[in-house]
Structure formats: C-alpha cells, structure tokens
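Taken together, the values in this text are just the output of simple stated rules run on the coordinates, not laboratory data. All values derive from a computational prediction rather than experimental measurement. FYI the Cβ positions are ideal-geometry reconstructions off the backbone, even for glycines, and counts take in every protein chain you see.
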Ligand SMILES: [Zn+2]
C-alpha cells in the first residue's frame, strides 16, 4: 500500500521543530519527505494532514503487556498462563491503539507469553507494536518477583537463579525459546517490604555470567537497577537498558556517562507520579514505601543524566490499575514536568531513542526508514499532552500499514 500524507507538518525525530512537508510511504518504508513528484504519488491513498503533525511512532521501553489490571501484589503470578497470553494479546493492541509502534518487554510472567504474541504480530494475525519479547525476570532467591514461600507451591513470575551456572542456563533457555532480550532484577524494589530498592540482590559473578551468556548469544540485557551498586554491576556486565536508577551515586553516574554511546536509561517517572496522585494507597503506605524520597532521588538522577547526554527512553510499569496500559504516553509530559526536558527532547526520548534501542531502524521519518508514523491533530511539540489523547491520534501507521486512519476527520477545538 502506498500512502501520501499531504498538506501538513512533519517532525522527523531529529529537528527542533516540525516543518511543512509531504511524506510518501511505499513498500512499508518512508520513501520521500518534502515535495513528492506527482508521478510518484500514483495509486497512493492520500491522507489530508492539514493542521496536523506527522511524527515517528512511540516506543514504550519498559512494557508490561502481560499485566492484567494489577490491583494487588500477587495478581501477576496468580493469573494462569492461558489468561496471561490473552491479556498480552489485548494489551498489544491497546498499545498500538495508543500510538506505540514499538514496545520493549520488561519481564514476561511466563517464558513464552511475549514470544508467541510477538510471533503472531509479526505474522500479521493480530495487531500490536513491534515487540522485543522478554524473558521472565531473572532474580536471586528472595529477590524481587521471587514471591514463593516455603509452605506454598506458588509458580512465581520469574526465573529464580542462584549461582553463575543457573544464570547461564536461564539465559540459554530464554534464547532457545525465542526471546529478544533478557530482563534481570539486580536490585530489590520498595513496592515490596523487602528487598528494598537500595538492596542489591544479584551477585557480581551472577551478573557477569548473565552478561557473558547474553553477549555470546547476542541478547541485550534490560536491568531493573534501583541501588547504586546494582547499576554498576549491570553496566559491568554490559547491560543495554538501565531501568529506574533511582539511587545512583557519583560513580554510577560517571559509569552511565562513560557508556552513553551504548546504554539507555528508563527513568520510569510515571510510576512515581501515579503512585502519589492516582493510586488508592493511603499516606502511611506511601510513606512506608518511601515514595516521595525515592521520587526526589529519581528526579535528581535523571535531570543529571539528561545534562550529561545519556539517552533516555519512556515507559515504566504501565499496567497497574492506577496507570493502565494505554496511558503510556503520559510519560512524555512527565519528562517535561519533572525531569527538565524540553517537549522536543521528551519526544526524542519517546520516538528516536526507543527506535535506536530496538535496533530495527525505526524512530525517524527519513527516506528508507520503516514507516512507523503518527499523525497528530495539532502540534505535539507545543503540546505534548496531545499524545496521551487517542482522539488526537488521527492516523497510526506501523510498517507502512494503516492501523488507524482518519476516515472521519475530527478537529479538536
Ligand atoms: Zn517494571
């Protein structure tokens, strides 16, 4: 299918502002940006882009497509595998409907839940974003997501690994079963009484074994790393994506900066915002979890990493009841409100950086790039909140295919 977006503005993922241009999509890719010769437009479906801005599709780099609408701590492991697969399928569609043409898994509760959905999406049988399918989180006994107890036979939503051999085996098992990346819990998390976010649970030799096995097999590592030491262990093991990084110290900041050509950080700031503003937790619970202090530290760290030029990506634990899947684009506004990003910088995090992290060539509107595009009613560089409004997403294109089309154009006053 050939598409022509005509009469609107284009923000290519690189420039500081949108410019007037037409865009021709052909053979699943961006063919031409600017003035398109009439002869090349023959047979193209023409989409009127007046008053709208074409931008690259967004990427959620810390996606939990397998989350049911989580309202209690053990709901993820209590959900049977069959339901988990269907929930993952429905959330994949929800993300694409919300303008996300890419998603990076952040820990699938079951080893093949994201793998099978990625395969179905790629085969064109179900709608969804390009998906990097994740392993379940690799965690030490007693680490985050090891919710088993000795008197229970709970099937945990993690691969529990102790010692370098178990770590290597988990990576190799994930590889055999078809994952695209390995998710590792290097620290704990204050959402649970213990281990806390300041506690580092995977040992140096375990993290190193994961790193070596992933490097040998070409699998990137996405690390849950809140404590300073967990960030360092993940970086020494070659991790590509550092999530959270709340309690980074000076040495961890320096290491992130030194690795900025190969690493990305996911601040996951929306997680804190929604805990404070949208969750049902009372003050005593939020205080017990130390939410305000952790958020203040997260904000300080990611303002500093922005100054140092470390690439950030959006996303983070959408799928909780108080920040459901589909609301993921709220992060763009949060980057501006909390982390000192300009709207343009926040859009780069939401589009180009995510595309670079995924490594499939998407994330920019340049000739030859895969055509993952959003037609936004108005100018998201002036008003990033538009991206979180489905009525403002006039068209959604993934791989040149029109997922949502402006057949009945509506204008927002
Ligand atoms: Zn997460």
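Can you tell me the FRET efficiency between residue 287 and residue 69 if r is taken as the Cβ-Cβ distance and R0 is 25 Å, rounded to the nearest 0.05? Computed FRET efficiency for residue 287 and residue 69 comes out at 0.50.
Its residue count N fixes a reference of 2.2 N^0.38 Å for the stretch 360-411, and the Cα radius of gyration divided by that reference is 1.19. Model label points for residue 149 and residue 40, set 7 angstrom from Cα along the Cα-to-Cβ axis, are 6.5 nm apart. Largest first, the three principal axis extents of the alpha carbons in the chain are 69, 40, 40 Å in whole numbers. Ellipticity at 222 nm from helices only: DSSP H runs of n ≥ 4 in the chain, each -39500 (n - 2.57), divided by the residue count, give -9500 deg cm²/dmol.
Packing order of peptides 354-366, 376-388, 252-264, 179-191, highest average first: 179-191, 354-366, 376-388, 252-264 (average count of other Cβ atoms within 10 Å over each peptide's residues). Values of log10 I(q)/I(0) for the stretch 120-199 across q = 0.12, 0.15 Å⁻¹ run -0.44, -0.64, by the Debye formula with one identical scatterer at each alpha carbon and no solvent.
With all pairs of separate Cα atoms included, the stretch 212-351 yields a Kirkwood hydrodynamic radius of 15.4 Å.
For the ranges 291-298, 311-318, 126-133, what's the packing order if you count other beta-carbon atoms within 10 Å of each residue, average per peptide, and put the highest first? Working shown, then result.
On the way: 291-298: 17.5, 311-318: 27.0, 126-133: 23.5.
The peptides rank, most packed first, as 311-318, 126-133, 291-298.
Once the chain from residue 191 to residue 1 is taken as fully extended at 0.36 nm per residue, the excess over their C-alpha distance is 63.7 nm.
Along its three principal directions, the equivalent ellipsoid of the stretch 297-342 from the Cα gyration tensor extends over semi-axes of 22, 10, 9 Å, largest first. Spacing of the modelled spin labels on residue 390 and residue 83, each 7 Å from Cα toward Cβ, amounts to 2.3 nm.
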